[in-house]
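What follows is one structure encoded as structure tokens, with my remarks underneath.
The values are calculated or read from the model by the stated rules, or taken from the named source; none is laboratory data. Just so it is clear, the model here is predicted, and its values are computed rather than measured. Here the Cβ positions follow ideal geometry from the backbone for every residue, glycine too, while neighbour counts run over all protein chains shown. Side chains included, ligands, DNA and RNA excluded: accessible areas come from the protein's heavy atoms. Shrake-Rupley method; radii C 1.70, N 1.55, O 1.52, S 1.80 Å.
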Amino acid sequence: MTAIDRIPELLEQGAAFDAEYRGGLSDHRPMALLALARLGASAARLADFARRYSLRLQPAPPHAAWPAGEAWASHLGQRQAWPIYRDLFLQWLSHEDAGEVLQQALPRLMQGVGAAAFHGLIRTAYAVQGRRRQELADALAYWACRWLDLGSASAAAGTGRSTDAQAVLRQLRASASDADLIFQRMQTAAQQARFQTTADRLQVGPDTLAQLATLAAMAYAASGNFTALHLVTSAHAMRLLLPYVDQPQAAVQAYWRAFAAAVCASGLQAGEAPPARPWPELLALALASDDEHVIKLVDSCREEQRAYSGALVWQQAATRACLGAA
């Protein structure tokens with residue numbers, strides 16, 4: 001059996017697990033499996049990773065039906081709603097194809113794109129590529145139940161004069177928070193008095209997402225910061241899902257707000273990026289790793305380098321993930 005042949009079975013097995021474990025950590029099993037497959041893992045390697053990763057997970061809660069007649073967005077941001085959202089999205093995907101469901105659901109979901117430190121977004125992007133109905137339903141359900149309210153954008157959002165995302169990010173204030181989870185620290189950051197007016201200074205345009213993706217890679221390569229890692233993988237996920245959004249500028253505007261909040265909450269410190277190692281070495285290290293974040297980061301960096309300019313920063317970020325500051 002080839003690796004590609006093994007993926008559907010392993011993804012279906014994942015339906016037995018909850019979306020989170022150990023007090024709010026996201027299940028990375030499906031995302032890491034799909035990343036490993038794209039990086040060239042064998043069927044045996046995929047099965048071994050799935051078996052070992054599954055040991056940390058919790059059983060899925062009992063099935064619960066979506067309340068008849070309720071608007072689909074009526075339980076956004078309610079963690080306990082994951083079972084009913086699973087049911088809703090599975091029914092939805094049974095009647096319409098994935099592209100149609102995404103076109104209808106994504107505009108609202110994007111307004112809470114920072115859900116679970118972007119893991120709803122990231123899991124959904126991988127699920128689209130995995131082409132399994134249950135996994136896509138579970139991913140969308142996770143995004144919905146962890147939908148992150150960072151406040152409403154002001155009337156001035158996107159009308160700022162600056163098109164330089166880095167310049168605007170430098171004007172933001174760092175946010176101090178003792179919260180354990182990234183998304184909780186993002187909420188604190190977005191509540192700062194000047195956060196809204198500062199974020200509004202960026203004029204979101206066609207190249208904004210590429211700017212943010214590159215800045216995330218630069219930040220991670222130079223620091224190894226865990227929040228910056230999620231900015232790299234979330235920017236990759238945004239690029240994959242934007243073709244399903246009728247108004248991409250609005251989606252990127254919402255992503256920018258969440259990205260800015262994450263930067264404020266990250267505690268980023270300037271450092272020096274490591275010398276880039278060649279891709280064959282990086283792929284071998286990622287394929288041998290049991291760290292789901294290393295696997296996804298290397299996959300995202302390789303894909304982003306292909307999609308954008310081919311800049312060395314993507315290899316530097318992947319090197320940081322695999323070898324630290326080597």
Q | Longest site-free stretch - the chain; sites: GluC sites (Glu not before Pro), DSSP loop, at most 13 other Cβ within 10 Å | A | 97-271
Q. Counting other Cβ atoms within 10 Å, which trypsin sites (Lys or Arg not before Pro) in the range 193-272 have at most 11 and lie in a DSSP loop?
A. R194
**Q.** Solvent-accessible area per residue for the range 108-155 (1.4 angstrom probe, square angstrom)
**A.** 30 Å²
Q: Heavy atoms only, probe 1.4 angstrom, no DNA, RNA or ligands counted: give me H95, H230 ranked by accessible area, highest first.
A: H95, H230
**Q.** Relative intensity, log₁₀ I(q)/I(0), of the chain from a Debye sum that treats every alpha carbon as a point, q = 0.07, 0.08 Å⁻¹
**A.** -0.26, -0.34
Q: Mind checking the per residue accessible area of the range 191-326 for me, 1.4 Å probe, whole number of Å²?
A: 38 Å²
Q) Heavy-atom accessible area of R185 with all protein chains present, probe 1.4 Å, nearest 10 Å²? A) 50 Å²
**Q.** Listed residue (A270, A284, A213) projecting farthest to the positive dipole end of the chain, Cβ model
**A.** A270
Q: Return the single residue from A117, A127, A250 with maximal mean-square fluctuation; model: Gaussian network over the chain, springs between Cα atoms under 10 Å.
A: A250
(Q) If I build a Gaussian network model for the chain, linking alpha-carbon pairs within less than 10 angstrom, which residue out of G99, G69, G224 has the largest mean-square fluctuation? (A) G69
**Q.** Shape call, the range 77-176: gyration tensor on alpha carbons, a/c limit 1.5
**A.** prolate
Q) Rounded, prolate or oblate: which fits the range 192-247, taking a ≥ b ≥ c as square roots of the Cα gyration tensor eigenvalues, rounded meaning a/c under 1.5, else prolate when a/b beats b/c? A) oblate
Q | Total charge dipole magnitude, the range 1-145, about the Cα centre, Cβ charges on Lys, Arg, Asp, Glu only, Debye to nearest 20 | A | 520 debye
Q) In the chain, carbon and sulfur make up what percent of the accessible area (probe 1.4 Å)? A) 52 percent
Q. Given a Förster radius of 30 Å and the C-beta distance between A176 and Y21 as r, what FRET efficiency does 1/(1 + (r/R0)^6) yield to the nearest 0.05?
A. 0.60
Q.
If I model a spin label at E100 and W279 as a point 7 Å from the Cα along the Cα→Cβ vector, what separation in nanometres do I get?
A. 3.7 nm
Q) What figure in square angstrom, to the nearest 10, would you give for the accessible area of T2 with a 1.4 Å probe? A) 80 Å²
Q: With springs only between Cα atoms under 10 Å apart, run a GNM on the chain and tell me which of A19, A35, A44 wobbles the most.
A: A44
Q. Where the only charges are on Cβ atoms (+1 Lys, Arg; -1 Asp, Glu), what is the dipole of the chain about its Cα centre, to the nearest 20 debye?
A. 560 debye
